[in-house]
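> Provided herewith is a single structure, encoded as structure tokens, for subsequent inquiry.
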Amino acid sequence: MDQFDAAAAYKDDKPSATWQEISNAFDIPKTTLFGRLTGRHTSHEGAAKKRLSEAQEKVLVSKINQYASFNILLTPKEVRGIAEMLAGEKLGVNWVSTFIR
């Protein structure tokens, strides 16, 4: 359970608690806490992988590994091309570097 989950559980248990009280208790900035728990903002971690589902990501990694097993290293442009076929949409030029992180 991360600190946001714990803060959400605390808010559920004590609905009269103010956002500031919860912020202080869990050492989370009040605006971040409010935004995340009311659904106005999401974590950056989840936002980076929205273009491909987990299953599509596994297929992409499998394809990359398949080429690597034949000593063929794919360029970022080629990886993006495969990912675009899987996603069914165009991806940004920096998508691959974000995906790798």
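> Assuming R0 = 30 Å, can you tell me the calculated FRET efficiency for the pair residue 18 and residue 78, based on Cβ-Cβ distance, to the nearest 0.05?
On the way: r = 52 Å, r/R0 = 1.74.
My answer for the efficiency is 0.05.
> Which lysines does residue 11 reach when only Cα atoms under 20 Å apart count, and residues fewer than 8 places away in its own chain are ignored?
30
> Ok, one more. Can you show me the helix-derived [θ] at 222 nm for the chain, built from DSSP H runs with n ≥ 4 at -39,500 (n - 2.57) apiece and divided by the number of residues, rounded to the nearest 500. Show your work: numbers first, answer last.
On the way: 7 runs with 65 residues, N = 101.
It comes out at -18500 deg cm²/dmol, rounded to the nearest 500.
> Please name whichever of 9, 88, 37 sits farthest to the positive end of the charge dipole of the chain, dipole taken about the Cα centre and charges placed at Cβ: Lys and Arg +1, Asp and Glu -1.
88
> Subtracting the Cα-Cα distance from 0.36 nm times the residue separation, let me have the gained length for residue 57 to residue 38 in nm, one decimal.
4.0 nm
> A follow-up question, please. Can you give the relative contact order of the chain as a percent, counting alpha carbon pairs under 8 Å and 6+ residues apart? It would help to have the intermediate numbers written out before the result.
Values: 54 pairs, mean separation 18.6, N = 101.
Relative contact order comes out at 18 percent.
> A further question follows. Counting every Cα pair in the chain, what percent are over 22 Å apart?
Working: 2485 of 5050 pairs.
Within the chain, distances greater than 22 Å cover 49 percent of Cα pairs.
> Right, something else. Please list, or write none, the lysines whose alpha carbon is within less than 22 Å of the alpha carbon of residue 58, excluding same-chain residues fewer than 8 places away.
Filter leaves 49, 50, 77, 90.
We did not get these values from a lab; they are worked out from the coordinates using the rules stated. Remember, predicted model here, so these are calculated numbers, not experimental data. Note that we place each Cβ from the backbone using ideal geometry, even for glycine, and neighbour counts take in every protein chain shown.
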